Every structure is written in structure tokens, then in C-alpha cells.
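Accompanying notes for the structure given below.
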Amino acid sequence: MSRKLKGIAAAPGIAIAPLVHFHGTLDSIPTWKVAPEGVDAEGRRLDEAIAAVGRSIVALRRELADALSNHDARIYDAQVSILNDPTFRRDAVREMTLHGCNVEVALQRVVERYEAVFQNMAEAPMRERAADVRDVGRQLVAALMAKDRSKYTAHGRDYLFAADEFLPSDAGILDRAHLRGIVTAHGGKYSHGAILARSLGIPAVVGVDDLMSKVPSGTTVVLDGNSGVVIVDPSAEELAQYQLRLREQRGIDSRVAEVRFQPAVTLDGCEVSLFANVEGVRDLETLEAEVISGIGLFRTEFAFMERRQFPTEEEQVAMYRRAMAGSRGKPVTFRTLDVGGDKPLGYFRTPDERNPVLGWRGLRLCLDWPDILYTQLRAILRASALGHARILLPMVTTRSEVVRCRQVVEQLRQDLRSTGEKFDENIKFGIMVEVPVIVPVLPEILPIVDFVSVGTNDLVQYLLAVDRDNQRVAKMYDPFHPGVLRVLDQIVRATQAVNKPVSICGEIAGDHYFTPLLLGMGYRELSMAPVFLPRVKLTLRSFSIAECQTLAQQAMALDSTTAVRALISDQVRERWSRFLKAGPEDASA
């Protein structure tokens, strides 16, 4: 009898194959006493292991370079940083000196302490560092024990990777030619393993409780990375259903590239603007400006987070000018500094907070430290002379915050005029809608802004009272909730009433299952990670606006997330099936 296990949808797609268990821990750690005079020799062993693991990580990063974005490849850079951190080595040597133990034992103890510290941090990215430390420690101990992690060949058969967690170094030992999916007992949608799975195009479900004990190795499993469901020993009917979906998925994968350079228009000719989200100037290197309408979200905070001190005005101007040049004359939306919460700055100490995601972050932090805001806004204004720049304020909660920022911008404009500095006199000024309280007061704010961008990642978790990085409740984080849909509809209606542009820059903008709903509500600007753009474009070219409007109304009238997902899934799959039958030349005729 088949069983359904619920997890967290971490990477989209369908996979059907036998499950293969992987155990990342070493069978046993050697233990012996080390005399004081032997500590130096153990330290040299540690240095040799650090060098060997460093070479291994760099080689793996190089091996995956073509498959990973520059941003995602930095996961391996973070591991190299841990390896080269002198404090990490010093703590291991101190452990050996104080307790007279060998380096393997010392490393194990130090890693456990580091893990505990990171796991107790409130910020999600910092909690994720626990997995990085654990992965580095595992690699170091293996190197010390001269145990190479040989690649799993799968004997030429397709398989699903099953483990307690998927760590970045695991990508180096898997037979990716036959790897069809990843399922783990632990981890979240934003863990480094999940990020790598999405970049590599491997369907993944994480957070499946007791996976390793409930599902024996070799069991045939259906993995649905779209809904976060794992079906163990599927029935003949379930197997046939998912095999059909898998064939459709492969057909779409082979055809999705065909719409890459085609217009983003619906069946009835409605144009939709598809923008790219970028996290820094490095992402511009691979950005295909000809297939996007511009940069809908430039996350300026990542440039701040990679530094050891605040960037100067001139450094920021240079960065923003590079973004303007990379967009080739198309609009660039610069979100002002959004740190705090789950994105701390190492060089800017903030008070400890019980719930930092709801604390001193985003615009509220910058308004309390106006020098930060003034410098950034001045730099954006100076860079705007090169093209169409837009200023976007994050975490807005009141009209007064917007008024204060507009006053700052106006003062900076006057200062630049007085010195003869060029800038775009018509630069656009907008806000992010991500705090629920802003929705009912939008009509009061819209007259003093030029555009609105909906940040659905935070908006959805605030609406649902769900921390999407908390594995215990992350399964409840679902933007297809009818209540969420109605709030999104309320936002677009408010902007339409005063003819102000509105876009979606959160994760749902890149979810092709959400595309018909957004178009049906009235959204005509979607900004997403570039990797998701072709599927979104294919989907919107498969629907008319009238059909999307009907679908959106039906979805908002439903009473459960499950019902909404079923409705949308059936409609998208039916359209894609029609697309495959029609052929690329008349798919949007």
C-alpha cells in the first residue's frame, strides 16, 4: 500500500526512482592521548587536512561553475572562509592542548560547539552556517583519516538521494547523470542544500520526518518537488499519473528554451513585463539584458554584507553605475539597504532581539541612522544620470516614513543641483508592500509614490504567522492560501484605482503555477531570479487574460490551499499539454 509523506517543497519537478540511503557520518572517530610535546605534530596534521579540503572545495566549485549562478557558487566560498578562519584553527589547537586529545577528537568538539552557537541564532542565514561548519568538519576528519569520499556511480541506474541532510560537499560524490531527486529528513527551503538543488535543476523535498527509518533503501518512490510530497510504494494508478506528469515535464524542459527570446505576451496579446532580481554586480555578468524588461530588484544589502565596513559613497556610486550599464538602458530598481532581521552586518552591531525579523530592520533601521540612508540615496541619485533608476523603500509601515524619505531625496536633489552634479530629475520613487498593515492604508500612501512592488516572501510569512525558515512550521508557509490571494488582489485594486504601476518581486513571481493568478488579478510586472523567467514566459503565453481572470476569481473563492493548488495545477498542466501538441510555431496563436 502506498504512503504519502509530507515535507517541504525545496526544488520543483517530478522524480520517480528507487531511494538510496546515504550516511554522511564516519563510522568511528579514532581517539588517543596526545602529550604536550605532540600537539605541534597534530597541528601540522590539521594544516595538511585544511589545505587538502580547501583544494577539494575549490575543485568542486570549479566543477559546478557552469551549472551554478555566481551567487549560489558562493556557498563554497563560505566554506573556504571557515577553513581559513584562524579562530577555527586556534580553537582546535587549544582543545588539543587543554585536553590532550588527537586532532580528530578536537575538531569534533569544536565543530559541535560552533554548531550549537549558530543553531541558536535568530537570523536564518546565520543558522544555516551550522550546516556549513558541520560539512567542513566532516570533510576535515575524513581527510585526517585518509578516507576519500568516493563518487557514487549508481551502477548506471537512476536513483533518489536520501539522507538526513544534503550538504554542499555531497554534490561532489553523486552520480549526477543518474540522480533524479533529493529527499532529506532535515533542512529547509532556504538551506544551502536546497539552494544547490534548485540551481542544479534537481527536484527536492526536505524536512520529511523520520525519512531514513520509515523508507528502506531500494524502495520505489515518487518525489513531487512542486508540492513537497513523497509517495512511497506508489500504486499503479499513482505511478501512471506521475509518469504522465514526468513525460510532460521532460517535454516542457526540452521546449522551454524555445520561448526564451520570444515576447512575453498572453494568447490575446497582452504584454507582460518580466524583470530580473539580482543580488549584486556579479550577477550582472550572466544577465541576458535582451530577454528582460530591466532589473526589478537590485538587492543592495548584499554588497554591504560582503564587506568589512560600510562602503563609501564613491564605492556605492561605482557599483550602481555598473548596474545601470549592465541593464543596457532598461530600468533598474535599487532597493535601499534592507539589513537587520535575517541579514545582519558583521561590522554593524545591533541589539539582541527575541524576534529580529519583526524588529529593527530595513527602513526603520536606516531612518534611525540617517547617515546610512543619506549616503546611499545620494549615490543612487548620482548613478541615475546613466539611465532609468528607481528607488525602492523596504519594510514601510507608515505614510510618515515615506514622507521623511521623500524629504531626504528632495534635499539631496537640491544639493546635487547646487554642485552641478548630474542625475535623473525624473527618478521614480516607490515602496515595498511586505508588512500587512500597509495594505489597508495604501490609498493614503499611493499619492506620494510613483510605483509599488510587492515583496511576497515577507508578506506571506507575516500574513500566515509562519517562519518559513523554521522546519517545524515551514510546511504551513504556502502563498496559495486563499487569504493571501485576496490580499494580493486588494493591493493591485488599490494601485489600479489611481493608475500607479505595481509589480511582484517576491518568490511567487518566479513560480509559473502562480503566473495565471497574478495576471488574472491585474499584475503586469513580475520580477524574479532569471532562471525562472523562461517557464513563467511559457506559462503566460499559454493563457489569455480573460482565462486568467476567471481562474483568479475561482481560486479566491475556494476555502483551502489544497483546493487552490489542485485548480491551478490542473489548468497549467492542461495548457502545457496543449502547447506540446500544438508545436512551438502555433503555441500562442
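The values are calculated or read from the model by the stated rules, or taken from the named source; none is laboratory data. What you see is a predicted model; the values in this text were computed from it and never measured. Reconstructed Cβ throughout: ideal geometry from the backbone, glycine too, with neighbour counts over all protein chains shown.
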Answer with yes or no whether residue 439 is within 22 Å of residue 389 (Cα to Cα) and either in contact with a strand residue (DSSP E or B) (Cβ under 7 Å, 6 or more places away or on another chain) or of a type in the set (Ser, Thr, Tyr) (or both).
no
Among the residues of the range 359-396, the number that are among the hydrophobic types (A, V, I, L, M, F, W, C) and surrounded by fewer than 18 Cβ atoms within 10 Å (Cβ to Cβ) is 4
- Considering every residue within the range 288-299, establish whether at least one is more than 18 Å from residue 515 (Cβ to Cβ), surrounded by fewer than 20 Cβ atoms within 10 Å (Cβ to Cβ) and in contact with a helix residue (DSSP H, G or I) (Cβ under 9 Å, 6 or more places away or on another chain). yes
#### Entry: Hey, residue 244 assigned to a helix (DSSP H, G or I), among the aliphatic types (A, V, I, L, M), farther than 29 Å from residue 546 by Cα and not assigned by TED's automatic domain parsing to the domain that holds residue 540 or not
no
Checked the range 12-29 for anything at pLDDT 85 or above and of a type outside the set (Phe, Trp, Tyr); matches are 13, 14, 15, 16, 17, 18, 19, 20, 21
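Inspect the range 488-503 for any residue being part of a loop (DSSP other than H, G, I, E, B) and modelled with pLDDT under 95 and give the result as yes or no.
Pass one, the range 488-503, residues part of a loop (DSSP other than H, G, I, E, B): 498-501.
Then drop every residue that is not modelled with pLDDT under 95, which leaves none.
No, the conditions are met nowhere in the range 488-503.
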Report task. Answer yes if at least one residue in the range 62-83 is out of contact with any Pro (no Cβ under 6 Å at 6 or more places or on another chain) and farther than 23 Å from residue 193 by Cα, and no otherwise. Result -> no
Flagged pairs (Cβ under 6 angstrom, 6 or more apart or on separate chains; first in the range 199-211, more than 13 Å from residue 228 (Cα to Cα); second of a type in the set (Val, Ile, Thr) and not in a helix (DSSP H, G or I)) are 202/182
Original post:
Is at least one residue of the range 469-477 surrounded by fewer than 22 Cβ atoms within 10 Å (Cβ to Cβ), of a type in the set (Asp, Glu) and in the same structural domain as residue 512 (by TED's automatic domain parsing)?
Top reply: yes
Considering the range 546-560, residues that are of a type in the set (A, V, I, L, M, F, W, C) and under 23 Å from residue 265 (Cα atoms), and then whichever is surrounded by the fewest Cβ atoms within 10 Å (Cβ to Cβ), we arrive at 546
Being over 25 Å from residue 208 (Cβ atoms) and within 38 Å of the chain's Cα centre (by Cα) narrows 10, 35, 51 down to just 51
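The rows are residues; the columns are (1) within 30 Å of residue 81 (Cα to Cα); (2) modelled with pLDDT of 90 or more.
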position: 207; (1), (2): yes, no
position: 222; (1), (2): no, yes
position: 241; (1), (2): no, no
position: 255; (1), (2): no, no
position: 260; (1), (2): no, no
position: 284; (1), (2): yes, no
position: 299; (1), (2): yes, no
position: 307; (1), (2): yes, no
position: 313; (1), (2): yes, yes
Across the range 141-191, the tally of residues that are modelled with pLDDT of 80 or more and more than 19 Å from residue 210 (Cβ to Cβ) stands at 24
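Mind listing whichever residues of the range 467-476 are within 23 Å of residue 335 (Cβ to Cβ) and out of contact with any Asp or Glu (no Cβ under 8 Å at 6 or more places or on another chain)?
First, the residues of the range 467-476 that are within 23 Å of residue 335 (Cβ to Cβ): 467-469.
The answer is 467, 468.
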Selection from the range 509-556 of residues of a type outside the set (Val, Ile, Thr), farther than 20 Å from residue 296 by Cα and not in a loop (DSSP other than H, G, I, E, B) yields 520, 546, 547, 548, 549, 551, 552, 553, 554, 555, 556
